[in-house]
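So the structure is just underneath, and the comments pick up after that.
The values are calculated or read from the model by the stated rules, or taken from the named source; none is laboratory data. This is a predicted model, so every value here is computed, not measured. With ideal geometry, Cβ positions are generated from the backbone for all residues, glycine too; neighbour counts draw on all protein chains shown. Note: accessible area is taken over every heavy atom of the protein model, side chains too, but ligands, DNA and RNA are not part of it. Shrake-Rupley method; radii C 1.70, N 1.55, O 1.52, S 1.80 Å.
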Amino acid sequence: AQTVTQSQPEMSVQEAETVTLSCTYDTSESDYYLFWYKQPPSRQMILVIRQEAYKQQNATENRFSVNFQKAAKSFSLKISDSQLGDAAMYFCASTVNTGKLIFGQGTTLQVKP
Amino acid sequence: DAGVTQSPTHLIKTRGQHVTLRCSPISGHKSVSWYQQVLGQGPQFIFQYYEKEERGRGNFPDRFSARQFPNYSSELNVNALLLGDSALYLCASSSRLAPIPDTQYFGPGTRLTVL
């Protein structure tokens, strides 16, 4: 069975600084895909970044990057130059070839001006 | 381009009633998935449909049912509502499931309150 664990219920960061959100996962499959989604107060779930397990290179999307450690089953999200608009709940999620997403419990990120 | 749309936005029902939630996927997407998100928790998978066929079902009681129409829109039905069914119901669409599952894109959700 797939599991996703986010051990940080809340995090805070000063505007313009860098923050890292942690995520660990477990799966018996060799092909899987990992995601970070952002959910602001509007509750709309927005894709932040996607990582294919077969790719060794860490995914990057502008200020967002991941540190994918396959052996450790770790998938952390780094947000650089944090902005007030980054404040939201962040969910780590995984899927195998079924497409069914398994989500972690979420991390609430506060950005301080 | 229009994203995933869901209706209604908010809904208030009483225990024992039934409810129908609707979802329209992104144009060209053939798969729709439904998730339940209780306040303060991550979404839980309910159903997945692809090309009008059920491809996956989560650990939810038979009171929950869904279907997908020829235009790929979908309905989620919940019968005999319980207080514990109060949640945000999210719909997500994607273009394919295999061999490499496409990213799922979410709608704004329907907030269901059961009194």
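Translational diffusion coefficient of segment B:46-91 (Stokes-Einstein, Kirkwood radius from Cα pairs, 37 °C, 0.692 mPa s): 286 µm²/s. Residues of segment B:39-64 whose accessible area, computed with a 1.4 Å probe over protein heavy atoms, drops by at least 40 Å² once all protein chains are present relative to their chain alone are B:PRO43, B:PHE45. Size descriptors for segment A:3-112 (Cα atoms only): Rg and Dmax, in that order, 13.3, 40 Å.
Holding the Cα-Cα limit at 28 Å, pick out from A:LYS73/B:LYS52; A:LYS73/A:LYS100; A:LYS112/B:LYS13; A:LYS70/A:LYS100; A:LYS78/B:LYS52; A:LYS55/B:LYS52 the pairs that are longer than that. Display every interim value, and only then the final one.
On the way: A:LYS73/B:LYS52 35 Å; A:LYS73/A:LYS100 19 Å; A:LYS112/B:LYS13 39 Å; A:LYS70/A:LYS100 20 Å; A:LYS78/B:LYS52 38 Å; A:LYS55/B:LYS52 32 Å.
Too far apart for the 28 Å limit: A:LYS73/B:LYS52; A:LYS112/B:LYS13; A:LYS78/B:LYS52; A:LYS55/B:LYS52.
Specify, per residue and in Å³, the volume enclosed by the convex hull of the alpha carbon atoms belonging to segment B:5-114. Enclosed volume per residue, from the Cα hull, is 94 Å³. Using a Gaussian network model of chain A in which every pair of alpha carbons under 10 angstrom is joined by a spring, one finds that among A:GLU52, A:GLU61, A:GLU15 the greatest mean-square fluctuation is at A:GLU61. Take the Cα radius of gyration of the protein assembly as shown and divide it by 2.2 N^0.38 Å, N being the number of residues; the result is 1.01.
Using the Cβ of A:ASN58 as centre and a radius below 13 Å, the other residues enclosed give a net charge of +2, where K and R count +1 and D and E count -1.
DSSP loop GluC sites (Glu not before Pro) in segment B:1-108 with at most 13 other Cβ atoms within 10 Å of their Cβ, which ones? Each step should come with its number before you reach the end.
Values: sites: B:GLU51, B:GLU53, B:GLU54, B:GLU75; in loops: B:GLU51.
Answer by residue number: B:GLU51.
Restricting segment A:7-64 to trypsin sites (Lys or Arg not before Pro) that sit in a DSSP loop and have at most 16 other Cβ atoms within 10 Å of their own Cβ leaves A:ARG43, A:LYS55, A:ARG63.
Taking every C-alpha pair closer than 8 Å and separated by at least 6 residues, the mean separation divided by the residue count of segment A:57-113 gives a relative contact order of 25 percent.
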